[in-house]
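Can you keep this structure in mind? I'll have questions shortly.
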Amino acid sequence: MLGLGPADWQAIELTFKLCLYTTIILLILATPVAWWLANGRSAARVAVQSVVALPLVLPPTVLGFYLLIVLGPRGFVGGTLESIGLHHLAFTFEGILVASVLSSMPFAVQPLTEAFNNLGRRPVEVASSLGAGLWDRFFTVILPLTRGGFVVAATLTFAHTVGEFGVILMLGGSIPGETKVLSVLIYDHAEAMNYEAAHRLSLMLVIFAFLTLFVVYSITRRFRVAKV
């Protein structure tokens, strides 16, 4: 189908799994962080914003290198896992999942922070004065009024994870069925001078990237027009 072989479909399946898990985890983690950044008054907000945005300016290989050190068998996390009889996280799916969550963090936090900034505190304060609890306020006030931000955050996170390469290769290598995602497979095809296979997969990602940006811009424009 589509001229793709079993190895290609295996990489596609693994990539989709990585993207899905990363998106779900980040939506859970990024929501309270973004709310605090939008509404908190702590002087530490600037420092936290800077840490969250680091993957935007750091070379992916730098992040991947330090994660390899920390999560590998001699690192603090990897060594601790080894000492209790578990396997370290380098060259594993769990390891590249950690890397993807950290690498894609700004693509989830920043759209949500912007959405919460636009929401303001007034709707939540009104709901609270009417007796709405924390979860009621979130599901009946915050989520409906900022759903565009959540859609954009999920879309950008998913799309960015599809395109991750440097951090994945550094930490996970190229293990079929475990760490060989689409971006790594394209690299392997190109390195083996199998340009036809690399072209097919690259074209798929170009189309996917275009559709992702089209969706994001459409959602942003729709909610901007709705506010006007």
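The values are calculated or read from the model by the stated rules, or taken from the named source; none is laboratory data. A quick note: this is a predicted structure, and the numbers were derived from the prediction, not measured. Here the Cβ positions follow ideal geometry from the backbone for every residue, glycine too, while neighbour counts run over all protein chains shown. These accessible areas exclude ligands, DNA and RNA; they are computed on the full protein's heavy atoms, side chains included. Shrake-Rupley method; radii C 1.70, N 1.55, O 1.52, S 1.80 Å.
Leaving out ligands and nucleic acids, note down the accessible area per residue over the chain with a 1.4 angstrom probe, in whole Å².
Counting only protein heavy atoms, the per-residue value for the chain is 56 Å².
Round to a whole number: what % of the accessible area of segment 23-132 belongs to carbon and sulfur, probe 1.4 Å?
Result for segment 23-132: 68 percent of the exposed heavy-atom area is carbon or sulfur.
Here's something else I'd like to know. How far is the Cα center of segment 80-117 from the Cα center of segment 166-220, in Å?
One Cα centre to the other: 19 Å.
Still on this structure, please answer the following. I want the local charge near residue 53. Using Cβ-Cβ distances under 15 Å, sum +1 for each Lys or Arg and -1 for each Asp or Glu among the other residues.
Its environment carries a net charge of 0.
May I pose another question? Which whole-Hz couplings ³J(HN,Hα) result when phi for each residue of segment 146-162 is put into the Karplus expression 6.51 cos²θ - 1.76 cosθ + 1.60, θ = phi - 60°, listed in order with x for Gly and Pro?
Here the 3J(HN,Hα) series is 10, 4, x, x, 5, 5, 5, 4, 5, 5, 5, 4, 4, 5, 5, 5, 4 Hz.
So what is the relative contact order of the chain, in percent, for Cα pairs below 8 Å that sit 6 or more residues apart?
29 percent
What is segment 22-138's relative contact order, in percent, from Cα pairs under 8 angstrom and six or more apart in sequence?
Working: 87 pairs, mean separation 41.9, N = 117.
Reported relative contact order: 36 percent.
Hey, what angle do you get for helix 6-39 against the long axis of the chain, alpha-carbon based, 0 to 90 degrees rounded to 10?
Tilt of helix 6-39: around 30 degrees.
A follow-up question, please. Go ahead and estimate [θ] at 222 nm for the chain from helices alone: -39,500 (n - 2.57) per DSSP H run with n ≥ 4, summed, over the residue count, rounded to 500. Before the final figure, lay out the partial values.
On the way: 11 runs with 173 residues, N = 228.
Result for the chain, helices only: -25000 deg cm²/dmol.
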